[in-house]
Amino acid sequence: MSQPDIPFPGSPVVPNMVEADHVIQFSCHKGIGCWNACCSNIDISLTPYDVLRLKNHLGISSTEFLREYTVPYEMEKDSIAGAKFRPVENGTACRFMRPEGCDVYADRPTACRYYPVALLSMRKQDEYVDNDYYAIVKEDHCKGHEVDRRITIADYRKEQGLEEYDELARGWRQLVLKKKSCGPAVGKPSLKSRQFFFMACYDIDRFREFVSTESFNRLFELPQEEKDALRTDDVALLQFAFRYLRQVLFGEESISLNAEAAEERLAKVLEKRVIEEREAAKRRALETEEDFEEDISDDGEPVV
Ligand code: SF4
Ligand code: SF4
């Protein structure tokens with residue numbers, strides 16, 4: 001199997017891609033000498049499902065959670081954004097770290113569950129199917145590798161509740177992989193579309209407001225049962241968000257459009273575009289006139 005390039009010398013990631021049947025030696029438990037060392041210096045990217053679990057654990061909206069506990073980051077320059085944990089004020093520790101352990105343990109994020117394994121999702125350019133490989137992270141401070149317990153990565157994933165976490169974030173990973181593999185060939189996404197992508201994936205309570213609008217419900221024909229689920233079920237809404245993004249970003253239609261509303265919308269978009277182009281032409285004409293006046297000296301002769 002080909003090995004990934006590791007461009008960071010000294011990286012704790014063991015440069016070996018392994019599969020789920022690979023056996024690791026590891027155990028983490030309270031009382032170990034390095035207890036909480038990993039949570040004292042964090043760099044944790046969150047999946048949309050992580051955000052959903054954590055905001056529900058804390059009993060706050062996704063908007064509040066994102067504002068209070070995360071910082072956005074660009075996955076690639078001028079590309080889609082993700083969210084990372086914001087550490088404590090003036091420090092590097094996780095805000096949920098307590099002397100007795102993780103304060104949100106039942107809903108801790110994917111990256112915390114995986115440690116010391118890293119998930120590497122990969123897909124071929126023309127495919128939607130992604131394949132999972134893994135890498136092992138070995139950091140000097142982590143004594144868990146010295147504990148005599150052997151377990152396959154597949155069983156470790158089960159133990160850590162990762163099957164559910166990975167399944168419910170799969171749609172998002174596929175979108176990210178597809179967006180990245182499109183590269184510059186499809187052009188830079190506009191700021192508005194990047195903001196929308198972030199909102200639909202992470203700010204699920206605002207996305208709920210969006211799918212509740214009259215214009216959305218006029219344009220998309222959803223069975224009543226599905227509409228009810230989107231109103232009340234966060235997981236159903238998140239999976240719908242991924243499906244919706246596949247449709248609007250990559251033209252993979254799975255949500256029926258109301259033909260009449262779609263025609264009206266198209267006509268509005270075209271009308272708006274004509275007005276914008278007319279305004280832009282007017283502005284260009286005025287600029288040309290101003291340039292022309294500037295180029296003429298007071299005695300009416302062109303300035304050379
Ligand atoms: S969420 Fe919990 S396990 Fe993850 S870094 Fe914070 S304290 Fe540690
Ligand atoms: S064994 Fe590793 S994962 Fe567990 S507390 Fe220590 S540093 Fe963290």
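The values are calculated or read from the model by the stated rules, or taken from the named source; none is laboratory data. Just so we're clear, the structure is a prediction, and the values are computed from it rather than from any experiment. Note that we place each Cβ from the backbone using ideal geometry, even for glycine, and neighbour counts take in every protein chain shown.
Some observations on this one:
- Out of A83, A111, sole residue that is surrounded by 12 or more Cβ atoms within 10 Å (Cβ to Cβ) and within 11 Å of ligand 1 (Cβ to nearest atom): A111
- Region 35-62 - residue that is outside any loop (DSSP other than H, G, I, E, B) and within 16 Å of ligand 2 (Cβ to nearest atom) and, of those, nearest to V235 (Cα to Cα): C39
- Highlighted here are the helices (runs of 4 or more DSSP H) found entirely within region 182-242 that include at least 1 residues which are of a type outside the set (A, V, I, L, M) and more than 27 Å from E76 (Cα to Cα): 204-212, 214-219, 224-232.
- Of everything listed in (1) within 27 Å of the chain's Cα centre (by Cα); (2) within 16 Å of ligand 1 (Cβ to nearest atom), the single unmet condition for I32 is (1).
- Some residue of region 116-127 being surrounded by 12 or more Cβ atoms within 10 Å (Cβ to Cβ) and in contact with a Gly (Cβ under 7 Å, 6 or more places away or on another chain): yes
- Cβ separations smaller than 8 Å between residues 6+ apart or across chains give the following pairs from region 19-34 residues that are of a type in the set (K, R) to residues that are within 16 Å of ligand 1 (Cβ to nearest atom): K30/E100; K30/G101.
- Residues that are within 16 Å of R206 (Cβ to Cβ) and touching a Ser or Thr at 6+ places or on another chain (Cβ under 9 Å) within region 64-91 comprise just one, A83.
- The combined condition, being within 22 Å of N258 (Cα to Cα) and at pLDDT below 95, is fulfilled by S215.
- Going through (1) more than 16 Å from ligand 2 (Cβ to nearest atom); (2) assigned to a loop (DSSP other than H, G, I, E, B); (3) loosely packed, with under 13 Cβ neighbours inside 10 Å one by one, V71 falls short only on (2).
- Any pair with Cβ under 6 angstrom, 6 or more apart, that starts in region 244-271 at a residue that is modelled with pLDDT of 90 or more and ends at one that is of a type in the set (D, E): R246/E252; Q247/E253; S256/E221
- Condition met for V13 (within 16 Å of Y114 (Cβ to Cβ), crowded, with 16+ Cβ neighbours inside 10 Å and not polar (S, T, N, Q)): yes
- L66 vs. criteria crowded, with 16+ Cβ neighbours inside 10 Å and near ligand 1 (Cβ under 10 Å from one of its atoms): no
- Residue list for region 244-261, filter: surrounded by 14 or more Cβ atoms within 10 Å (Cβ to Cβ), part of a helix (DSSP H, G or I) and either touching a His at 6+ places or on another chain (Cβ under 7 Å) or hydrophobic (A, V, I, L, M, F, W, C) (or both): L245, V248, L249, F250, A261
- For the condition within 15 Å of ligand 2 (Cβ to nearest atom) and either of a type in the set (S, T, Y) or at pLDDT below 95 (or both), Y105 qualifies.
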